[in-house]
Amino acid sequence: MYSMGGLAEYCVVPAHGLTILPNSLPYSESAILGCAVFTAYGAMAHAAQVRPGDSVAVIGVGGVGSR
């Protein structure tokens with residue numbers, strides 16, 4: 001969990017926690033990926049153990065519920 005550096009100008013993270021964005025993805029539009037994609041995936045795959053073919057309902061707003 002590396003949430004303590006989210007608003008910092010600089011942050012030390014392990015190399016496996018980074019990726020290179022393609023030039024076609026602007027930073028401003030890519031910033032949501034950490035919340036909307038990886039948080040939702042982690043919750044479904046690990047906490048709820050949702051598997052392909054399962055039905056789910058997403059209720060909420062924000063990066064996870066509105067995308």
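Each value in this text was obtained by applying a stated rule to the coordinates, not by laboratory testing. The shown structure was predicted, so the numbers you read here are calculated from the model rather than taken from an experiment. Here Cβ is always computed from backbone atoms with ideal geometry, including for glycine, and neighbour counts include all displayed protein chains.
So who's got an amide H within less than 5 Å of the one on Val50, skipping anything under 5 residues away but keeping other chains? H placed 1.01 Å off N, in plane. Answer set, sorted by chain and number: Ala45. Taken along the Cα-to-beta-carbon direction at a fixed 7 Å, the label points for Tyr41 and Leu7 span 2.7 nm. Length gained on full extension, Ile32 to Val58: 7.6 nm, using 0.36 nm per residue less the C-alpha separation.
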